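Asks: One structure coming up, written as structure tokens, with questions to follow.
None of the figures in this text is laboratory data; all of them are computed from the coordinates on show. Note that this is a predicted model, so its numbers are computed, not measured. Don't worry about glycine lacking a Cβ; one is built from the backbone with ideal geometry, like all the others, and counts go over all protein chains shown.
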């Protein structure tokens, strides 16, 4: 291994989600350590990508939400065979199962990963809350450290009973060579969407999920049209298609059929961020919303609800409003659109990029994880 530490990552699944994307970026970019990934389920979206980058991936093929004896035995054997210096787990199910099995396999250098913030009935699944409470009791014994993606997550889990002294905040990091403004792609996409350059373009990149609170967004956009503000808004991500009957009905009832474009999932998010003038986030709950940092890295200021670490990410480069208050969201968008026409908009764009460079670079994240792993294995 040429002196490198072997880190075995255990994650609930490898779907196209935020924590999974962070794991992928970390494994392919960290050259200090050797990485192996174990998914409790299947290869999902990121498994093939990791394999093509030379990262070994093993799957336990457990059904979603179910733990199997065969899967547990296979996990124990894999950990024993890999003999890692550290086991890094990702998300609650993997923290629970991966942490316990790693300890049973004789490994004490276990680091949990927390990538969740809201733990409230109605906003989180009952089973998720139950597992988090169990983990709170186990946190004094199973992990050496707990890597938490957001300061808000740290406070929420400390209040739940997690071992506060073991928690270390590691903000998500981004490859700033990939997320960069591209004016040529901006022009190309706006032409593809038939949006004139002078038309203000808003957008939100997210999956369709109750916590993203698209109803709040649609009410705010309807408020904008009622006040005579011209704009277009693109919605990008899983579920953002005309096949989503609930979403299209909401848009139609709000009279926004001409203003809102549903673009579905896309693989050119940096280009999308470059095409936007302002990125919106209407969520009622988040931990560390990646899309804000990704937009800002492309020089696109943001209007966001005050969820998770959103306010920390945006700083004074954008606008932050309370969640679930569409009138406040509409007012902030109006202010942002007015600023868009001002002479200092380019300064705000540069400040957004600079904030991500200074606080949320991929290298900063790699160094932070490596520091935790060094301490856990010493």
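Asks: Mind sorting 77, 364 by how few other Cβ atoms lie within 10 Å of their own Cβ, fewest first?
Replies: 77, 364
Asks: Compare the peptides 236-245, 343-352, 82-91 by average per-residue count of other Cβ atoms within 10 angstrom and give them in order, highest first.
Replies: Taking the mean over residues of other Cβ atoms within 10 Å, the ranking is 82-91, 236-245, 343-352.
Asks: According to the square roots a ≥ b ≥ c of the eigenvalues of the Cα gyration tensor, what is the shape class of segment 85-181, taking rounded for a/c under 1.5, prolate for a/b larger than b/c otherwise, and oblate for the remainder?
Replies: Cα axes put segment 85-181 in the oblate bin.
Asks: Okay, next question. Under a point spin-label approximation (7 Å from Cα along Cα-to-Cβ), what is the residue 378-residue 126 distance to one decimal in nm?
Replies: 4.6 nm
Asks: To the nearest 500 deg cm²/dmol, what mean residue ellipticity at 222 nm is calculated for the chain from DSSP H runs of n ≥ 4 alone, each contributing -39,500 (n - 2.57), summed and divided by the residues?
Replies: Helix-only estimate at 222 nm: -13500 deg cm²/dmol.
Asks: Given a Förster radius of 51 Å and the C-beta distance between residue 6 and residue 229 as r, what FRET efficiency does 1/(1 + (r/R0)^6) yield to the nearest 0.05?
Replies: Efficiency, rounded to the nearest 0.05: 0.40.
Asks: Right, here's the next one. Bin all alpha-carbon pair distances of segment 183-359 at 10 Å intervals from 0 and give each bin's fraction as a whole percent.
Replies: Percent of Cα pairs in each bin: 10, 42, 40, 8, 0.
Asks: Oh, and also: Stokes-Einstein at 20 °C, 1.002 mPa s, Kirkwood radius from Cα pairs: D for the chain in µm² s⁻¹?
Replies: Here the translational diffusion coefficient equals 99 µm²/s.
Asks: Going by how many other beta carbons lie within 10 Å of each one, how would you line up 104, 337, 235, fewest first?
Replies: Taking fewest neighbouring Cβ atoms as first place, the list is 104, 337, 235.
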